[in-house]
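Below is one structure, written out as structure tokens; comments come after it.
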Amino acid sequence: MSTHPDNTVNEIWAVTTGETGMANQARGLAEAVAQRNGWPVVQKTIGMRFPWCALPMHRVPNPLGKLTSDSDPLAPPWPRLLITCGRRSAAVSIAIRRASGGHCFTVHVQDPQIPPRYFDLVVPPRHDGLTGPNVLPTRGAIHHVTHTKLDQAAEQFRTEFASLPRPWIGVLLGGSSRSMTLTPDKSRRIGEQLAQAARSSGGSLLITPSRRTGEANTQALAEAISEVPQQLWRGEGPNPYLGILALADYLAVSGDSASMVSEAASTGKPLYVIDFGHYPKRLGRFHQALRDEGVTRTFDGSLERWEYQPVDDTGKVADVILQQIDTTAAN
């Protein structure tokens, strides 16, 4: 690892306020770059004190002095590449870019809700509608799923799934959000459709719920699928999430999470979306675009096979970052 006279070091910092989805996106992009150039990845979690956290992030004075006491330290030498995700991490990106004299290349994942000019590159999902000369929209969410991780998960879970008849129908279930509500009645109906798919195909269900699913919804689902071959993860032992992505013949993912759908779309497998509520505008545009492009279909209990080019936004963005860093260094 080399330190530059400009007070930066060949490291990649992935900085967020700690939410799982944001941390996964920042780390996933950082790891994709590191896979290409070998720089170490340092993941950091910060918090912004009130009332500064309520301001637009480009209006926060001295952001590095407004962090909560439990924040990870942010001090020089600065990284050559800083990746942030989420509105409240944008202020530290602006501050570090300035403190490094512009030698730290800053990338913000998602819409920062401030002008993109405060960063070297902004990577929002295309359904946000953000444009600009340094804006690189993606088809789906940036994520941390890679071929290597899937291969490792396949080895870990292949024996565990082996007694279940194929095809294996992998199910990734989310839950309620600010705009959508998953209820036991809806979960039961989802379970009935999944059971129909297992019966008609002669296969079995591999299901992992998320923390947002909730025990009542998980139990309703379990009752609805009890008479077909299945494995439903109930929080004991390792989560088979990556194993399901790696080994399932079909994937069915609840539509509340653009991240889960994006991770599933990176596999290239037939991908069904489970709709259980009315999507807000941005998420609705995300789903409509992938359906129009032949990536996803709406789940109704039937199974078909189709092909599409796997959605690999993370790798493509990593390549662009490296090109721009090289160009900046050459200048």
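The values are calculated or read from the model by the stated rules, or taken from the named source; none is laboratory data. Since the model is a prediction, treat every value here as computed from it, not as a measurement. We place every Cβ from the backbone using ideal geometry, glycine too, and count neighbours over all the protein chains shown.
Quick notes
- Some residue of the stretch 227-249 being closer than 25 Å to Arg178 by Cα and part of a strand (DSSP E or B): no
- Any hit, the stretch 263-276, residues being assigned to a helix (DSSP H, G or I), surrounded by fewer than 22 Cβ atoms within 10 Å (Cβ to Cβ), in contact (Cβ under 8 Å) with a residue 24 or more places away in the chain and touching a helix residue (DSSP H, G or I) at 6+ places or on another chain (Cβ under 6 Å): no
- Options Ala248, Ala198; residue that is out of contact with any helix residue (DSSP H, G or I) (no Cβ under 8 Å at 6 or more places or on another chain), without any contact (Cβ under 8 Å) to a residue 40 or more places away in the chain and surrounded by 21 or more Cβ atoms within 10 Å (Cβ to Cβ): Ala198
- Hits in the stretch 138-184 - residues which are assigned to a helix (DSSP H, G or I) and among the polar types (S, T, N, Q): Thr148, Gln152, Gln156, Thr159
- Screening Thr20 with (1) modelled with pLDDT of 95 or more; (2) among the β-branched types (Val, Ile, Thr); (3) within 30 Å of Leu150 (Cβ to Cβ) gives one miss only, at (1).
- The stretch 83-137, residues that are part of a strand (DSSP E or B) and either of a type in the set (Phe, Trp, Tyr) or within 18 Å of the chain's Cα centre (by Cα) (or both): Ile83, Thr84, Cys85, Phe105, Val107, His108, Val109, Val122, Val123, Pro125
- Unmet requirement for Leu130, which otherwise passes all of (1) surrounded by 22 or more Cβ atoms within 10 Å (Cβ to Cβ); (2) more than 22 Å from Gly18 (Cα to Cα); (3) free of Cβ contacts under 8 Å to residues at least 60 places away in the same chain: (1)
- Unmet criterion (only one of (1) assigned by TED's automatic domain parsing to the domain that holds Asp185; (2) more than 13 Å from Val171 (Cβ to Cβ); (3) out of contact with any strand residue (DSSP E or B) (no Cβ under 8 Å at 6 or more places or on another chain)) for Ala265: (3)
- Evaluation of Ile142 against (1) of a type in the set (Val, Ile, Thr); (2) in contact (Cβ under 8 Å) with a residue 40 or more places away in the chain; (3) in contact with a Leu (Cβ under 8 Å, 6 or more places away or on another chain); (4) over 19 Å from Val311 (Cβ atoms) (one fails), failing number: (4)
- Taking the stretch 17-58 as the range and being part of a strand (DSSP E or B) and more than 16 Å from the chain's Cα centre (by Cα) as the test, the residues that pass are Val41, Val42, Lys44, Thr45, Met48.
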